[in-house]
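Presented below is the structure to which this report refers.
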Amino acid sequence: MKKAIYINPRDSVATVTEDVDSGEFVEYIVGGESQVITAIQAIPAFHKIAVNAVNVGMPVYKYGEEIGIASVDILAGEHVDVLNIQSVRA
């Protein structure tokens, strides 16, 4: 099982700590409880995995901060990057 870093209960993503193949399980900790999600795409090390679905137009959060707006519907377990979010940073 692969591991991911999840910081804030508001987060929509976790950061994987190593390469993840499609279909692999990824574990992250929320409030001291282990959570497991299945990757539905390959995700490179230190990239983001969606821990819950995010609808188009909704904010995406990492480390408790808004990092972008979903440009398409994002499924739980999907790789989150510039292909499916628009940055809100200047």
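Using +1 on the beta carbon of Lys and Arg, -1 on that of Asp and Glu, and nothing else charged, what's the dipole of the chain about the Cα centre, debye to 20?
For the chain, the charge dipole is close to 220 debye.
Can you give the Kirkwood hydrodynamic radius for the range 33-78, in Å, rounded to one decimal and based on Cα pairs?
11.4
Grab every C-alpha pair in the chain, bin the distances at 5 angstrom width from 0 up to the longest one, and report whole percents.
It works out to 3, 17, 29, 25, 18, 7, 1, 0, in whole percents.
Among 72-79, 9-16, what's the highest-first ranking by average C-beta atoms within 10 angstrom per residue?
9-16, 72-79
Under the rule that an exposed site lies in a DSSP loop and has at most 13 other Cβ atoms within 10 Å, name the longest stretch of the chain with no chymotrypsin sites (Phe, Trp or Tyr not before Pro) of that kind, not counting the sites themselves.
1-45
Each residue of the range 57-67 in turn: what ³J(HN,Hα) in whole Hz from Karplus with 6.51, -1.76, 1.60 and θ = phi - 60°, glycine and Pro shown as x?
For the range 57-67, the Karplus-derived couplings read x, 8, x, 10, 10, 9, 6, x, 10, 6, 10 Hz, x marking Gly and Pro.
Bear in mind that the values in this text are calculations on the coordinates, not laboratory data. Computed from a predicted model, the values in this text were never measured in an experiment. Methodologically, a virtual Cβ is constructed for each residue, glycine included, from the backbone with ideal geometry; neighbour enumeration extends over all protein chains shown.
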